[in-house]
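Quick one: this structure, given as structure tokens, is what I'll be asking you about.
The values are calculated or read from the model by the stated rules, or taken from the named source; none is laboratory data. Quick caveat, the model's predicted, so the values are computed rather than measured. No Cβ is skipped: glycine too gets one built from the backbone with ideal geometry, and neighbour counts run over all protein chains shown. With ligands, DNA and RNA removed, areas are computed over all heavy atoms of the protein, side chains included. Shrake-Rupley method; radii C 1.70, N 1.55, O 1.52, S 1.80 Å.
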Amino acid sequence: MAFEGLAERLQGSIKKMRGKGKVAEQDVKEMMREVRLALLEADVNFKVVKKFVSDVKERAVGQDILDSLTPGQQVIKIVNEELTKLMGGEQSKIATAQKPPTVVMMVGLQGAGKTTTTGKLALHLRKKHNRSPLMVAADIYRPAAIKQLETLGKQLDMPVFSLGDQVSPVEIAKQAIAKAKEEHHDYVIIDTAGRLHVDENLMGELDEIKEVVSPDEILLVVDAMTGQDAVNVAQNFNERLGITGVVLTKLDGDTRGGAAISVKAVTNTPIKFAGMGEKSDALEPFHPERMASRILGMGDVLSLIEKA
Amino acid sequence: SKTRNSFVGAMNDLVKNYRTVDEDFFEELEEILISADVGVHTVMELIDDLKDEARKRNIQDAKDIQPVISEKLAELLQKSDQESHLLIKENELTVILFVGVNGVGKTTSIGKLAHKFKQENKKVLLAAGDTFRAGAIEQLEVWGERVGVDVIKQQAGSDPAAVMFDAIQSAKSRKVDILLCDTAGRLQNKVNLMNELEKVKRVLTKEIPDAPHEVLLVLDATTGQNAMSQAKVFQKATDVTGIVLTKLDGTAKGGIVLAIRHELDIPVKLIGLGEGLDDLYEFEADQFVHGLFSD
Ligand SMILES: Nc1nc2c(ncn2[C@@H]2O[C@H](COP(=O)(O)OP(=O)(O)OP(=O)(O)O)[C@@H](O)[C@H]2O)c(=O)[nH]1
Ligand SMILES: Nc1nc2c(ncn2[C@@H]2O[C@H](COP(=O)(O)OP(=O)(O)OP(=O)(O)O)[C@@H](O)[C@H]2O)c(=O)[nH]1
Ligand SMILES: [Mg+2]
Ligand SMILES: [Mg+2]
């Protein structure tokens, strides 16, 4: 019952609307009830859903039906378009500083995938952009966090800057920049420790690192399986640090990934990459359109529209 | 600070705002539960139930429905008291296998639980069954040092089933009380990795017929509805006996465990409230339900 595709759920409404010339309010209302459920089941935050549903209702009601579509298909088309729009355009680009090195900070909750993504991003920059990144081990708290990054460095043959776990992350970051300049690295990727958005001390530490390294890019790493709390997390990190982009990880799983919409809605920063696996080459551009269909579970609906 | 009765206190806020039990009241209750990740289906069933109950008992005053809500929620979580505790063998080796998706807190929870048993003067051994993730073995070793227990390991990249075989042999010959087995995080839709996990479990069973005595599925409280799919697939593959719900020290509520209990009848046994040695607690349904309603 759960996670039933939106297509099947809307079948009834779609049938009812067949042959009508204008999209009527009652029909839209009925369909949007199903859309709302689908979005909630996909973990889109309930406040975001509320606004979305009312916006779409407004846009859909009273529209003339396009020749090629049935009224039901038209509503779905609008839903899909709006959802895609909400997630922004395709933007898998990473900032480049006027004067190298470009400094990238990876931040996020515990276990989201920061360290893994640090390795992936370094590889991406080297392979796709011919850059020479320096990875920085600034997590002095998690057991063997430094070792984890060093192991990735070894696997990728990529340099890792570390001062052990007895030096403050702020100092590590500072010295890493100096080192990067000295050795002519054009990117510095700082792997920070996972922390809760409500942890005053550790959020303050990120402030300080930011102060010292003036990052060109602060990427919030978000687990695609995150539930309703995604908005709180994103909001806090963004208010505190001013994030410049999001990386959505673990999208190789079977989660609907509604957190993508929540995070985008509250931070209004682009989702730049999608993590598609544990291996270092499993980083892909984020596709808002595909994500919209995934969240609604309606690949089938879209093909239905396309055929029409 | 959270007492057994504080749930009632938290509910007061909801009740205060609504003198009568009407549609608005139920709508707000629905939003509270959905925002706690309880899940749409479970929430709607629950609300329908409550509406029925309100009708049957002729409840109109909002404060009269409060005990009914607590009752229903707690009912979901506490089918029986017995099974919400870990089953530990007396004077015999107990083997506990940790499973779950990536990054939820398996290794950390093992460290914390080892500490707990150590404090009870039990002899504990850890098995480094995550041979895949960078730094995973070293991470468990750091925990071993912290707690003061040994870790059985092989090289990175080796067969996890072979590590388990080694570990259970060592545990037997060293007359250990508790063997805690770490495994690599894996997403439940990766069939080959789930097969590998079944194999790991089989190795343990082959050495001791009723092992693993506990299979603990570690769930991250920040996770939304996908936790249900995790529970279903891991249960099928490894006969999960309980849940460790981690990261409840944040603002996420982990309400999905209500749905999991309801649909799959898997009890939450432990909760994680931080990254330190002492941050593992036994699950208490009342407190948890209270948490669902607090800011
Ligand atoms: N399947 C899958 N696993 C991932 C992905 N990204 C990261 N992981 C896994 O998620 C787990 C956590 O990743 P880490 O990189 O250690 O996460 P982190 O944010 O650095 O964690 P902390 O430093 O403890 O906060 C590991 O098991 C990774 O292999 C992804 O895109 N797909
Ligand atoms: N705040 C908080 N953090 C936790 C808790 N439990 C674990 N963590 C953190 O979550 C991150 C991941 O924990 P791990 O124990 O490495 O998770 P895992 O499931 O073993 O991860 P993989 O082996 O990569 O799949 C680490 O940064 C832990 O410190 C908890 O209860 N609260
Ligand atoms: Mg890390
Ligand atoms: Mg682990």
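Please name the residues of region B:200-243 whose accessible area, counted over protein heavy atoms with a 1.4 angstrom probe, falls by no less than 50 Å² between the chain alone and the full protein assembly.
By number: B:Thr222, B:Gln225, B:Asn226.
For a quick check of your reading of the filter: which trypsin sites (Lys or Arg not before Pro) in region B:166-234 sit in a DSSP loop and have no more than 15 other Cβ atoms within 10 Å?
On the way: sites: B:Lys172, B:Arg174, B:Lys175, B:Arg186, B:Lys190, B:Lys199, B:Lys201, B:Arg202, B:Lys206, B:Lys232; in loops: B:Arg174, B:Lys175, B:Arg186, B:Lys190.
Listed in order of number, the matching sites are B:Arg174, B:Lys175.
Project the alpha carbons of region A:216-284 onto their principal axes and report the range along each, largest first, in whole Å.
31, 29, 14 Å, listed from the longest principal axis down.
Further, regarding this structure: Looking at A:Pro100, A:Ile295, A:Leu196, which one has the Cα that reaches farthest to the positive end of the dipole of chain A (charges on Cβ: Lys, Arg +1; Asp, Glu -1)?
Highest projection toward the positive end goes to A:Ile295.
In addition: Show B:Asp177, B:Asp182 ordered by accessible area, largest first, where the area counts protein heavy atoms only and the probe is 1.4 Å. Mind showing how you got there, number by number?
On the way: B:Asp177 50, B:Asp182 0 Å².
Solvent-accessible surface, decreasing: B:Asp177, B:Asp182.
Continuing with this model, one more query. Express the accessible area of the protein assembly as shown per residue in Å², computed with a 1.4 Å probe while the remaining protein chains stay in the model.
On the way: 25170 Å² over 603 residues.
For the protein assembly as shown, the per-residue accessible area is 42 Å².
Now, a different point. For a test of the definition: using alpha carbon positions, the gyration tensor, and the 1.5 limit on a/c, classify the protein assembly as shown as rounded, prolate or oblate. It would help to have the intermediate numbers written out before the result.
Details: a/c = 1.74, a/b = 1.17, b/c = 1.49.
Taking the square roots of the gyration eigenvalues as a ≥ b ≥ c, the protein assembly as shown is oblate.
Follow-up question, since we're still on this one. Checking buried surface per residue: for region A:231-264, which residues lose a minimum of 40 Å² accessible area in the protein assembly relative to the chain alone (1.4 Å probe)?
Correct list: A:Lys250, A:Asp252, A:Asp254.
Could you sort the residues of region A:80-114 by number and keep only those whose accessible area is reduced by 30 Å² or more in the all-protein-chain setting relative to the chain alone, 1.4 Å probe?
For region A:80-114, once contacts with the other chains are taken into account, A:Gln110 lose 30 Å² or more.
How big is the Rg/Rh ratio for region A:159-308, C-alpha atoms only, Rh by Kirkwood, two decimals? Don't skip to the end; give the middle numbers.
On the way: Rg = 18.0 Å, Rh = 17.2 Å.
Rounded to two decimals, Rg/Rh equals 1.04.
Then there's this: Charges at C-beta only: +1 for Lys and Arg, -1 for Asp and Glu. How large is the resulting dipole of region A:198-239 about its Cα centre, in Debye rounded to 20?
Working: 1 positive and 11 negative charges, 33 e Å.
Dipole size: approximately 160 debye.
What figure in square angstrom, to the nearest 10, would you give for the accessible area of B:Leu270 with a 1.4 Å probe?
Number for this one is 10 Å².
Nearest 100 Å² is fine: what is the total accessible surface buried where chains A and B meet, probe 1.4 Å? Spell out each step's value before the answer.
Details: alone 14380 and 14110 Å², together 25170 Å².
Its buried surface, counting both partners, is about 3300 Å².
Percent of accessible area on region A:144-262 owned by carbon and sulfur, 1.4 Å probe? Walk me through the numbers before you get to the answer.
Working: 1830 of 4240 Å².
C and S atoms contribute 43 percent here.
Which of the trypsin sites (Lys or Arg not before Pro) found in region B:246-281 are loop residues per DSSP with 13 or fewer other Cβ atoms within 10 Å of their Cβ?
Details: sites: B:Lys247, B:Lys253, B:Arg261, B:Lys269; in loops: B:Lys247, B:Lys253.
Within region B:246-281, no trypsin sites (Lys or Arg not before Pro) qualify (loop, at most 13 other Cβ atoms within 10 Å).
Please work out the Cα center distance from region A:217-269 to region B:56-106, rounded to the nearest Å.
The two parts, judged by their Cα centres, are 30 Å apart.
When the scattering of chain A is computed by the Debye formula from its Cα atoms alone, each counted once and equally, what is log10 I(q)/I(0) at q = 0.08 Å⁻¹?
Here log10 of I(q) over I(0) equals -0.41.
What trypsin sites (Lys or Arg not before Pro) in region A:87-122 are in a loop by DSSP, with at most 16 other Cβ atoms within 10 Å of the Cβ? Don't skip to the end; give the middle numbers.
On the way: sites: A:Lys93, A:Lys114, A:Lys120; in loops: A:Lys93.
Hits after loop and neighbour filter: A:Lys93.
What is the percent carbon and sulfur in the accessible area of region B:77-152, measuring with a 1.4 Å probe over the protein chains and ignoring ligands? Mind showing how you got there, number by number?
On the way: 1360 of 3100 Å².
The computed percentage sits at 44.
A follow-up question, please. Which distance in nm do the two modelled labels at A:Leu202 and B:Arg174 give, with both placed 7 Å along the Cα-to-Cβ direction?
Label-label distance for A:Leu202 and B:Arg174, simple model: 3.0 nm.
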